[in-house]
Amino acid sequence: MLIGIVGPPNVGKSTLFSASTAAQAEIANYPFTTINPNQGVAFVSTPCPHPQLGTQCKPRNGRCENGVRKVPVNIIDVAGLVPGAHEGKGRGNQFLNDLSAADALICVVDASGGTDTEGNPVEPGTRDPRDQAAFLEGEIDHWLAQVIQRNAHKAKGKKFPEFAQLLSGLGLTEETLRDCIHKAGAPEEDAWQWRTEQALAVARQVRAITKPMLIAANKADSKFAEQNIAKLKEKFPQHIVIPVAADAELALKKAAEKGIVSYDGKKITVLKQDIPPQLTDAVKRMQGIIDKWGGTGVRAAIDAAVFQLLGAIVAYPVEDESHYSNHFGDVLPDAILLPRGATALDLAGKIHSDLAKGFLHAVDARTKMRVGKDHALRTGDVIKIVSAK
């Protein structure tokens, strides 16, 4: 599972990336600071089963904090997109191609209205972030349309399944491609003859399925942010809009690493005495942001992308269903993200291909009941896989 961070230059994409991962991206107040994509691991939050099971977990991947499991997810931050990116402007085709493997997108816009669509700083309040969100949608749609048309020409004279296979890299199945074409009102046959408008209509349907997106309204501490966020929600009711203060999250993360503060996502506690007055003021300002929006929005954006856009679930594979442990005795050692609708067989394949090949049955460790390969999993399930291999 891969989450892509996309947006115009200089709106805080790399700050959001750094604030949500252990990796440090180059950050500067000018366009195209990022050229090559930054890749890292972020963590989503989900209730850990261990309190319900009356035990204590020992995570190998991620961690558990006060009964909340932090589960790793891959994240990529690509260079800023500018109008005309799908035509190659600003090396846009390269940057869009970097997003091809992403399962969901976090589109970052400047809620302060202080950045134009080219990524140049302007007077805050003089630009409308709705324009940024609209052009981002449009660029992704045009890019997808180009990919679809290019492969339609490759499939000229071939049957539909072969056309669908060429587009499988976008995460499309034959069934979902047919559905997108029908919803777009385009003819299923002779896709190479589609007009640009038809290809775009299909691309919009493809984007909704294979690249669902939310809007991260960054710089939410600006005096213009509240009204701009309201405008974004009104214009894009189909998208989740999350107020974000990535600068604050990154500053708190660094302060916590230095032992200056402790920070649990909701409350900041100063740990050191006699800190400079300017730092005290900064802490008060950041606590005010958190109180107003319910957090800095960085963690909320990653969680929403994984659990709301993708409907992902978290399952916990074990080898000993009685003690909920692996063969070392580690309780609930692994938390694994799976797509919605995942089955026990899918979980086996995620652990190791040999487990899936030799799959016999699974055991629900909570109920101790045997389940089959088609058993649909839910978040929090603790599962033992029994395999002939």
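FYI, it's all coordinate maths here, none of it is from the lab. Fair warning: this is a prediction, and the values are worked out from it, not measured in the lab. With ideal geometry, Cβ positions are generated from the backbone for all residues, glycine too; neighbour counts draw on all protein chains shown.
Side notes on the structure shown:
- Global geometry of the chain, whether rounded, prolate or oblate, following the gyration tensor of its Cα atoms and the 1.5 cut on a/c: oblate
- Working from label points 7 Å from Cα in the Cα-to-Cβ sense, the Ala230 to Arg63 distance is 3.9 nm.
- Shown in residue order for region 144-157 are the 3J(HN,Hα) couplings computed by the Karplus curve 6.51 cos²θ - 1.76 cosθ + 1.60 at θ = phi - 60°: 4, 4, 5, 4, 5, 5, 4, 6, 5, 5, 5, 8, 4, x Hz (x for Gly and Pro).
- The chain - charge dipole about Cα centre, Lys and Arg +1 at Cβ, Asp and Glu -1, debye rounded to 20: 560
- Charged neighbours of Leu172, selected by a Cβ distance under 12 Å, balance to 0 (K, R count +1; D, E count -1).
- For the pair Thr280 and Glu188 in one chain, pulling the backbone fully straight at 0.36 nm per residue adds 26.8 nm over the alpha carbon distance.
- Normalised contact order of region 246-293, rounded percent, pairs of Cα under 8 Å and 6 or more residues apart: 26
- The chain: antiparallel DSSP beta bridges as a percent of all, rounded to 5: 60
- Restraint check, Lys156/Lys183; Lys70/Lys235; Lys70/Lys384; Lys231/Lys266, Cα-Cα greater than 31 Å: Lys70/Lys235
- Formal net charge of residues neighbouring Arg370 (Cβ-Cβ distance under 15 Å; K, R +1; D, E -1): 0
- For the residue pairs Lys211/Lys292; Lys211/Lys373; Lys158/Lys211; Lys267/Lys292; Lys13/Lys219; Lys223/Lys292, the C-alpha atoms sit more than 20 angstrom apart in Lys211/Lys292; Lys211/Lys373; Lys158/Lys211.
- Cβ crowding within 10 Å ranks Thr296, Thr343 as Thr343, Thr296, fewest other Cβ atoms first.
- Summed residue charge, Cβ within 14 Å of Phe328's Cβ, Lys/Arg positive, Asp/Glu negative: -2
- Excluding same-chain neighbours fewer than eight residues apart, the aspartates and glutamates reachable from Lys58 by a Cα-Cα span under 13 Å are Asp330, Asp334.
- With helices as the sole contributors, the chain gives -10500 deg cm²/dmol at 222 nm; each DSSP H run of n ≥ 4 counts as -39500 (n - 2.57), and the sum is divided by every residue.
- The label-point distance for Leu360 and Asp291, in a model that sets each label 7 Å from Cα toward Cβ, rounds to 6.0 nm.
- Neighbour counting of Cβ atoms within 10 Å sorts the residues Leu250, Leu2, fewest neighbours leading, into Leu2, Leu250.
- Derived scalar couplings ³J(HN,Hα) [region 297-313; Karplus, 6.51 cos²θ - 1.76 cosθ + 1.60; whole Hz; x for Gly, Pro]: x, 5, 5, 5, 5, 5, 4, 5, 4, 7, 8, 8, 5, 9, x, 5, 10
- Partners of Lys272 within straight-line reach, counting lysines whose Cα lies under 16 Å from its Cα and excluding those fewer than 8 residues away in the same chain: Lys253, Lys254, Lys258, Lys284.
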